[in-house]
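One structure is given here, and the rest of the page talks about it.
The values are calculated or read from the model by the stated rules, or taken from the named source; none is laboratory data. Since this is a predicted model, take the numbers as computed values, not measurements. Ideal geometry is used to build each Cβ from the backbone, glycine not excepted, and the neighbour counts take in all protein chains shown.
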Amino acid sequence: MIAANIPTLPPGDSPDLILVPATPEERITSIKLNSIAWKGLLDINTYIEREDHLFSQKLTRNGLTCWILVDKSEPEGERTILSSCETYQKKALLAHSGKVEDVSTHGIGSVYSRPEFRGKGYAKRMLEELSVKLDTWKMEKETRSRSLFTVLFSDIGKNFYAQFGWMPFLSSHIDLPPLAKQRLSNGAAAKERETRDLLAQDVQTCICNEVVINKLRDRLRDASLSSTGSKIAIMPDFDHFVWHWAREEFFAKRLMPQHSPPVIKGAGNDQARVYCSWTRNFGEAPEDKVLYILRWVYDDPTSAEEEQNLVEAMAAILRRAQQEADEWKLSKVEFWNPTPLLQKAVAMLDSDARVVHREKSSISSLRWTGAEQGLGDDVEWFLNEKYTWC
Ligand SMILES: CC(C)(COP(=O)(O)OP(=O)(O)OC[C@H]1O[C@@H](n2cnc3c(N)ncnc32)[C@H](O)[C@@H]1OP(=O)(O)O)[C@@H](O)C(=O)NCCC(=O)NCCS
């Protein structure tokens, strides 16, 4: 219920407060409440429709839970929502001491307290309760029956979530401006000719195939043998990409009907075997209109010549992404935690581009509870790329 019908609001540490999954009606109420923060250019009904559309995607259909902090003395259906959030169950990989396990994790999003209820300790209480709930939530069918870690992406800096155990991890990116098509030097033009656009189906074949996933398993296993601590990655499965695209497609259909649909989902070079997938974010402010590269896939080069070829192919793919950003009137291309090879590719395009270390928004944060399961305190997050965002 939207109106607070508790005569006096309970303190955040009241024993009467409980964290429960919202009923379908309460979920809609919580979406209405948080719409002032996140509906962007959508009107409220379209925002609710968008959230339902995302909810119906394969990634989230069975794994999304909307949580609400309420007073247990209020009857279901009439409860005042004091604070709310969502959790998304995701597949993940864990490697430790040379062994790779399929595990399950949760991503947390939409943490929200309505303005008039802020500063009363409700979000704090919700996250304290949530950290306990997520330990076993939807873990009955998992081998370990308990979660090892959960993730979130803080837009309010590094300290708030750290109080509850979600520690900040590397949160850097490079951005590049949009670029109109232009005449290129001979070398660059040749690489551009080799670059091909990827449709959704191509992303599935080139980025989400079994060979790529098996290479990831090997990489995690090798890393867990050559250094101490556990290694984890959120499974970069096709469902993640489809979920991100459901967002851009919904927006484009509703607010840009004159534009042809956003069917180009990435770019790649088959000779150099490098591919990336992207999604378009249509935010309100210019800085929120971004072509995000969700994930890069390539093999490490084994010779200087191979490296040169790969870096040139990456540069041509990035140029293609810049053109796509221009086509959709987005303000930049952005990709997270660039590897040294990608930094070399960027330097070929723009000698002024720099790696930005974010301090406030999209801080990749991970809460590790593996120590309780004998896995030690150290954990390394592999593939900390934009596809993991929720
Ligand atoms: C962020 C938000 C959920 C906090 O809710 P809240 O119920 O007011 O938080 P609490 O009262 O439980 O605050 C707990 C502690 O965190 C601190 N805190 C609250 N908001 C904070 C913020 N934006 N940044 C840093 N610290 C914050 C409080 O000062 C308090 O510290 P204290 O225990 O030392 O007093 C709320 O401000 C909100 O909904 N904002 C808009 C949506 C948003 O940005 N959500 C986060 C997305 S990642």
Exercise for the section: Determine, yes or no, whether THR205 is β-branched (Val, Ile, Thr) and more than 23 Å from the chain's Cα centre (by Cα). Expected result: no
Completion exercise
By residue number, the members of the range 54-72 that are at pLDDT 95 or above, polar (S, T, N, Q) and part of a loop (DSSP other than H, G, I, E, B) are SER56, GLN57
Problem - Filtered residues of the range 57-105 (kept if of a type in the set (Lys, Arg), under 18 Å from GLU25 (Cα atoms) and either touching a strand residue (DSSP E or B) at 6+ places or on another chain (Cβ under 8 Å) or in the same structural domain as LEU225 (by TED's automatic domain parsing) (or both)) - result: LYS72, ARG79
Problem - Failed condition for LEU176, given (1) more than 23 Å from the chain's Cα centre (by Cα); (2) more than 14 Å from the ligand (Cβ to nearest atom) - result: (1)
Problem - Test: residue in the range 83-93 that is at pLDDT 95 or above, of a type in the set (Asp, Glu), over 26 Å from PRO286 (Cα atoms) and surrounded by 20 or more Cβ atoms within 10 Å (Cβ to Cβ) - result: yes
Exercise for the section: Could you please give the count of residues in the range 125-153 that are closer than 18 Å to LYS90 by Cβ and not in a loop (DSSP other than H, G, I, E, B)? Expected result: 8
Handout entry: Restricting the range 345-390 to residues that are aliphatic (A, V, I, L, M) and touching a Phe, Trp or Tyr at 6+ places or on another chain (Cβ under 7 Å), the residue that is nearest to GLN163 (Cα to Cα)
Key = LEU366
Exercise for the section: Filter the range 9-53 down to residues that are in a loop (DSSP other than H, G, I, E, B) and closer than 14 Å to TYR122 by Cβ and give me whichever is farthest from the ligand (Cβ to nearest atom). Expected result: ASP16
Practice task
Would you check which residues across the range 54-89 are within 16 Å of the ligand (Cβ to nearest atom) and of a type outside the set (A, V, I, L, M, F, W, C) and list them?
Solution key: ASP71, THR80, SER83, SER84, GLU86, THR87, TYR88
Practice task
Considering only residues that are surrounded by fewer than 20 Cβ atoms within 10 Å (Cβ to Cβ) and near the ligand (Cβ under 8 Å from one of its atoms), look in the range 118-140 and name the one that is nearest to ILE234 (Cα to Cα).
Solution key: LYS124
Practice task
Say whether the condition of being surrounded by fewer than 17 Cβ atoms within 10 Å (Cβ to Cβ), within 16 Å of the ligand (Cβ to nearest atom) and charged (D, E, K, R) is met by at least one residue in the range 110-117.
Solution key: yes
Fill in the blank from the handout: Those residues of the range 154-170 that are within 8 Å of the ligand (Cβ to nearest atom) and of a type in the set (A, V, I, L, M) come to a total of 1
